[in-house]
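Inspection log for the structure reproduced underneath, given as structure tokens.
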């Protein structure tokens, strides 16, 4: 029992520390939102990739960067209606 | 599979990336002088801007084997040296310094704070340092912020605290900067958005109402604690922050840059807002709002200003006026913001203002520029917009303001630094018929795009080129006395005489020099204090200072065939094979050594080394004989002319030169014997200064003619000029001290010699045919020459004409008005207002409008015309996406140019109104294109290829074969072969390798009889393919968008099965495996390069080199992969890699192996860039590694440099 509790605590610590760590009840919306945000963070963080996309879009890098963080705000769109 | 049977390749960068991610300025050397540090890819480079010459020269460059994401300079109070903080992908904060005495970067601190890699919540993206150098904040895009306190200990060493957390979950950071607060508690400002509510609200209401906040984080130095001190909403579109000077210099606070506005904000001040002026002009959309994309603040003598750049490249000068009190003293309270147009420069990733009055622009695309300030735009006629006329409330819309762009008034371009970024495609071909092929590239973006020819070579600046009365055979220069600084005579030898020219104000013939003019000359030397000698076939003429001549005649029936001299010794070889040796006496006369040495064959060449400082003679004489040997004879008085060592050669030696040069292995100088052979091969061996033993021979093929060697002096170092069918220079690399042999970009020379005069201190004189040429070499740090031809729009793909030396480039620019729309708008405006000013697009860019495309096809002749020879603009919002030259069997194998276009394409998310395939006929040997017809297709044809006399096109996920008809293309066969979108095609035989935008490659076989396309093998990993090249029939090399290079191979059996005769029914009916084809490709090699590969070629780079894989990267990298032949070398390099990674871990704290295995474990690749860092190590470390590997330092260095020089530069 104690083991189980510790595992749970460890998991909770992980979830607090590393955004996006899943759990048994992760919904599709949460999962997709995390994927979307992780992807954009990665595009911004890799300079060649950001330039690559900027040249593709015909926009300056800084504008593309801001646009991508803006998309991170949105994530995967509106969350689904919760059923009570 | 056993590792022993695996394939290995050596990955090496030929040219490092030139894109600058970020540039910072500081006094990194600890002197008053400012240096620029740039991050490009994984390279950290320190540059020295030279204010007197207006040049920027790189001092040192280091590969950190990690992704550099942010850089920041800081200085501890009271210190005069700036340190550098690197935010990278290592999950660690790195503090380094530049050590000028060693010309190296040295790491001071490395603190781990999180996981490695570029992740959403691992800090590294943003880096802000308190202006007083007391603390720094390193943050991630989401949530995490860590504050480190920087301080110094009693030994005045920099210390760094453990991190203080300022995390806020579910919060995104757009920008971050440190506030200038003087010596109060450090404050950092961030632009944040909290998305927690928006994530909970299914109606989308919360998302609509999300606010962007300006947040101040204060580090309480007393409590050692970070607090969120002040939060205030700002304009929702804000993206950038700039620090405003504080303390005694200004009001403190930040500038918040948003769409269409710049706002001044501070916790204890009112807000002030100015709009960003928009361009006036007939082709400009007056509704288009601008963003600030870059900027810089500059402080000087109590005043400060900002230069802010918009996405058009326009720079605006922003100043802040402060309220004055009754005594006229500034109070620190802001009165107004003023903004006005300054100048236009290329869109920058970083702007730096140097104290010496220069502006460094690290361009986002194309060359980096270095400008000098002419003035600061203080008293000009530009309209200034003040915040007093505008409301500071972000919800109140701003009245737009306009300005008229004009050519530069305040900035003067003094230097451009070549940059290939973004390098979009390349081809390797030998069009100018030189020994080695050239690299042709298309790079840049928008109107700053270029087509460039890259050639291996050193730039030569010619000083004199004059024709002589007849063809000379040799030329020398000489001083008159030992103490002379410059040369006095040029001596030319002809078939039947000798001509002496004196060097002065003018160069003219002199006759009373004592030189024998009726015979050709073999050698000239300034001897002893003040005499000269001339060696001619009949004897030696010793000319004293008073013009007295002592003649030593050659023995009867024998003549002199070769001679070697230095300032104290002379050796001549007679036609009989005897060597006569002379040495200068104390009284200045030449004394013959009483014995002559008989050689086994005819002597072809001789060399005496220079008399080194403090010695009376050179200890060795090198003798080359026509029996293909070189012998080293001793000149020691005890063993004069005795054999010391022998070296056997592959051909008779044509030239010898003993020379001491600086050497990376020993750290000092080493005596080398350079040998040139009649076969055009050049050898360099180390000559032991004590024993005369020859060791460590390195060979290089120079050209088809016998090699001649001359000692010259370039940039203060001794270098060897080697002449064959083209001239080469052997010198030590400036950074590594390793030996480099680079061709000169110059005419082939028959003879060369050192030349030094008042006008040209370090020059060379040479003979080419009947011409005498004097030239010099100014730069040794760049051995890739670039020639560029400007293009109209961002190039997308290109190809070479099948026969002619012409290139066809497709170009397109998104959100740019097409020329016809521009012309129409101009026409309208002319009719309305008479305004028809057109700004040159190279400086100002094209007028922009969303949804529009400007696109064209250009024909470039890089060899003769060196220009664009014709242009075809595409109409109706079509953008060219692919190009191919296809011979159609149905048209008697006539080759047509096929161009694929997309109509009304939108990039994000990708959509289009279909595509077209245009057919053009080559006219006038391909210099003109004639439009034949176009065929509509449902999706943009992103890949085209000629295939068995027909056209194969990738349209969406369909592969289709077309034949050429009279009115349009005729569909012959099609199949769906990949899951998503075809982006590339390669072919050999009846096999087509299809690359998918995100599903790696699929091999397709075409069965001619049945007219079917059958995919038979694909990949198990989804790779976002950018480019591929077939290495052989089974193997394909490719690169992906994440920066990996890989090699995939189809198993032999499956490959054979696919080509079996018959209907291919067995392939069609074979059951697919996991929703793919029945078979899978095998991964042969895999490596992470960071830069995105944009093209791959299997080719040779040097004459006589092996086939290698050359790739070009998006940021301007050119790299290569060289296959290993033997297992032995692989073992050696693997061990070396291991040692280097352990003894010299990467600077930014990234583990080398993990870095190269970023997305998938590195497989079958030795990192040559890591191996080459061996040259940069200190001698102790070199020896330690050498001992571990059980080899000598010299041996290791030789192995490393051989890997490069055998196949490339």
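The values are calculated or read from the model by the stated rules, or taken from the named source; none is laboratory data. The shown structure was predicted, so the numbers you read here are calculated from the model rather than taken from an experiment. Using ideal geometry, Cβ is built from the backbone for each residue, glycine included, and neighbour counts are taken over all protein chains shown.
State all residues of the stretch B:1149-1168 that are in contact with a helix residue (DSSP H, G or I) (Cβ under 8 Å, 6 or more places away or on another chain), crowded, with 17+ Cβ neighbours inside 10 Å and in a loop (DSSP other than H, G, I, E, B); if no residue qualifies, say none.
Hit for the stretch B:1149-1168 is B:1162, nothing else.
Of the residues that sit in the stretch B:32-49 and are part of a loop (DSSP other than H, G, I, E, B) and in contact (Cβ under 8 Å) with a residue 60 or more places away in the chain, which one is surrounded by the fewest Cβ atoms within 10 Å (Cβ to Cβ)?
Result: B:34.
This table checks each residue for (1) within 21 Å of residue B:312 (Cα to Cα); (2) touching a residue at least 60 places away in the same chain (Cβ under 8 Å); (3) assigned to a loop (DSSP other than H, G, I, E, B).
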site	(1), (2), (3)
B:827	no, no, no
B:830	no, yes, no
B:834	no, no, yes
B:858	no, yes, no
B:883	no, yes, no
B:886	no, yes, no
B:917	no, no, no
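If we keep just the residues of the stretch B:330-346 that are farther than 16 Å from residue B:275 by Cα and in contact (Cβ under 8 Å) with a residue 60 or more places away in the chain, which is nearest to the chain's Cα centre (by Cα)?
B:346
Would you check which residues across the stretch B:921-934 are in a strand (DSSP E or B) and surrounded by fewer than 21 Cβ atoms within 10 Å (Cβ to Cβ) and list them?
Residues satisfying the conditions are B:921, B:923, B:928, B:930, B:931, B:932, B:933, B:934.
Considering each residue of the stretch B:1035-1058, count those that are touching a strand residue (DSSP E or B) at 6+ places or on another chain (Cβ under 7 Å) and either surrounded by fewer than 14 Cβ atoms within 10 Å (Cβ to Cβ) or farther than 30 Å from residue A:48 by Cβ (or both), and give that number.
Result for the stretch B:1035-1058: 3.
Within the stretch B:425-456, how many residues turn out to be part of a strand (DSSP E or B) and either under 17 Å from the mean Cα position of the chain (by Cα) or free of Cβ contacts under 8 Å to residues at least 60 places away in the same chain (or both)?
17
Quick check: is even one residue across the stretch A:37-46 more than 7 Å from chain B (Cβ to nearest Cβ) and surrounded by 16 or more Cβ atoms within 10 Å (Cβ to Cβ)?
Within the stretch A:37-46, one or more residues are more than 7 Å from chain B (Cβ to nearest Cβ) and surrounded by 16 or more Cβ atoms within 10 Å (Cβ to Cβ).
Is at least one residue of the stretch B:322-329 under 26 Å from residue B:360 (Cα atoms) and more than 39 Å from the chain's Cα centre (by Cα)?
no
Only one of B:891, B:968 is more than 36 Å from the chain's Cα centre (by Cα), surrounded by fewer than 19 Cβ atoms within 10 Å (Cβ to Cβ) and in contact (Cβ under 8 Å) with a residue 60 or more places away in the chain; which?
None of the other options fit; the residue is B:891.
Give B:294, B:206, B:258 a once-over and let me know the one that is within 11 Å of chain A (Cβ to nearest Cβ), in contact with a helix residue (DSSP H, G or I) (Cβ under 8 Å, 6 or more places away or on another chain) and on the phi < 0 side of the Ramachandran plot.
So the residue among B:294, B:206, B:258 that is within 11 Å of chain A (Cβ to nearest Cβ), in contact with a helix residue (DSSP H, G or I) (Cβ under 8 Å, 6 or more places away or on another chain) and on the phi < 0 side of the Ramachandran plot is B:294.
Does the stretch B:122-129 contain any residue that is within 14 Å of another protein chain (Cβ to nearest Cβ), in contact with a strand residue (DSSP E or B) (Cβ under 7 Å, 6 or more places away or on another chain), under 23 Å from residue B:181 (Cβ atoms) and in contact (Cβ under 8 Å) with a residue 40 or more places away in the chain?
Taking every residue of the stretch B:122-129 in turn, at least one turns out to be within 14 Å of another protein chain (Cβ to nearest Cβ), in contact with a strand residue (DSSP E or B) (Cβ under 7 Å, 6 or more places away or on another chain), under 23 Å from residue B:181 (Cβ atoms) and in contact (Cβ under 8 Å) with a residue 40 or more places away in the chain.
Which condition number in (1) surrounded by 20 or more Cβ atoms within 10 Å (Cβ to Cβ); (2) within 24 Å of residue B:1205 (Cβ to Cβ); (3) away from chain A (no Cβ under 13 Å) is the one that residue B:61 fails?
Result: residue B:61 passes all but (1).
Kindly provide the set of residues from the stretch B:631-671 that are within 26 Å of residue B:1103 (Cα to Cα), in contact (Cβ under 8 Å) with a residue 40 or more places away in the chain and assigned to a strand (DSSP E or B), ordered by number.
Hits for the stretch B:631-671 are B:647, B:653, B:654, B:655, B:656, B:657.
Starting from residues that are in a loop (DSSP other than H, G, I, E, B), away from chain B (no Cβ under 13 Å) and under 21 Å from residue B:120 (Cα atoms), keep the ones in the stretch A:1-36 and report whichever is nearest to the chain's Cα centre (by Cα).
A:22
Could you list, in sequence order, the residues of the stretch B:797-819 that are within 14 Å of another protein chain (Cβ to nearest Cβ) and under 16 Å from residue B:452 (Cβ atoms)?
Correct list: B:797, B:811.
Take the stretch B:620-640 and flag every residue that is more than 42 Å from the chain's Cα centre (by Cα), more than 18 Å from residue B:572 (Cβ to Cβ) and at pLDDT 90 or above.
Matches in the stretch B:620-640: B:627 only.
Starting from residues that are buried (at least 18 other Cβ atoms within 10 Å of the Cβ) and in contact (Cβ under 8 Å) with a residue 40 or more places away in the chain, keep the ones in the stretch B:1125-1141 and report whichever is farthest from the other protein chains (Cβ to nearest Cβ).
Looking at residues that are buried (at least 18 other Cβ atoms within 10 Å of the Cβ) and in contact (Cβ under 8 Å) with a residue 40 or more places away in the chain, I get B:1132.
Filter the stretch A:47-84 down to the residues that are under 16 Å from the mean Cα position of the chain (by Cα) and assigned to a loop (DSSP other than H, G, I, E, B), then identify the one that is nearest to residue B:118 (Cα to Cα).
If we take residues in the stretch A:47-84 being under 16 Å from the mean Cα position of the chain (by Cα) and assigned to a loop (DSSP other than H, G, I, E, B), then A:75 is nearest to residue B:118 (Cα to Cα).
Working only within the stretch B:182-200, note down all residues that are surrounded by fewer than 21 Cβ atoms within 10 Å (Cβ to Cβ), in contact with a strand residue (DSSP E or B) (Cβ under 6 Å, 6 or more places away or on another chain) and in a loop (DSSP other than H, G, I, E, B).
Matches in the stretch B:182-200: B:185 only.
Restricting to the stretch B:536-568, give me the number of residues that are buried (at least 22 other Cβ atoms within 10 Å of the Cβ) and under 48 Å from the mean Cα position of the chain (by Cα).
4
With B:1122, B:1110, B:1102, B:1087 as the choices, which residue is under 26 Å from residue B:422 (Cα atoms), in a loop (DSSP other than H, G, I, E, B), away from every other protein chain (no Cβ under 14 Å) and under 25 Å from the mean Cα position of the chain (by Cα)?
After ruling out the rest, the residue left standing is B:1102.
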